[in-house]
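In what follows, a single structure is set out as structure tokens and then discussed.
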Amino acid sequence: MKYVILIHSNPQPWGHPTGDFIPELQSLPQAAREKLNAAFEGIMEELSANGELLGGQPLADPASAKLYRWEAGEPIATDGPYSEAKEHLAGFFLIDVESQERAEEVVRSFSGPGETVELRPVATY
């Protein structure tokens, strides 16, 4: 079963890893930050070793995004991202795991203070 893990965040300034730029994470004691980082590194190593990690990429600053909408019979480009959003898509990981339970186990290590992580199955048609 393939799932995408979407990392929603709003680091200021924009940068990766996003946790390095999020006040909620930076306000934690050093030991707590190290524990979160170790958990993340551990799950990444496990996913890679098991062949469950298919890929992933960080995304550039949302200010560099362009939105395309259909208006008056043609696509019109506007500056992105969606202006009302407080969080932006920071990056994604694609995993292939045996079950939804495994995907939910994995995604817990991706969530951190100041970020929202979305787990979504990849559509198969």
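The values are calculated or read from the model by the stated rules, or taken from the named source; none is laboratory data. What you are looking at is a predicted structure, and each value in this text was computed from that prediction instead of being measured. So basically every Cβ, Gly included, is an ideal-geometry build from the backbone, and we count neighbours across all protein chains shown. These area figures cover heavy atoms from the full protein model, side chains too; ligands, DNA and RNA do not enter into them. Shrake-Rupley method; radii C 1.70, N 1.55, O 1.52, S 1.80 Å.
Key figures
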{"item": "Percent RCO, i.e. relative contact order, over the chain, from Cα pairs under 8 Å lying at least 6 residues apart", "result": "47"}
{"item": "Förster-model FRET efficiency, 30 Å R0, ALA65 and SER99, C-beta, rounded to 0.05", "result": "0.30"}
{"item": "Nearest-10 value in Å² for the accessible area of LYS2, using the 1.4 Å probe", "result": "100"}
{"item": "Nearest-0.05 FRET efficiency for SER111 and ASP79, computed from C-beta distance (R0 22 Å)", "result": "0.15"}
{"item": "Additional length obtainable on full extension of the chain from GLN26 to PHE40, 0.36 nm per residue less Cα span", "result": "3.4 nm"}
{"item": "Heavy-atom SASA rank of GLU104, GLU74, GLU45, GLU98 (probe 1.4 Å, accessible area, largest first)", "result": "GLU98, GLU45, GLU74, GLU104"}
{"item": "Fully extended contour minus Cα-Cα distance, from HIS8 to ASN50, at 0.36 nm per residue", "result": "12.6 nm"}
{"item": "The stretch 1-73: C-alpha gyration tensor shape, a/c 1.5 cut-off, then a/b vs b/c", "result": "oblate"}
{"item": "In degrees, nearest ten, helix 30-50 long axis to first principal axis of the chain (Cα)", "result": "90"}
{"item": "With all protein chains modelled, accessible area of VAL106 [1.4 Å, Å²]", "result": "0"}
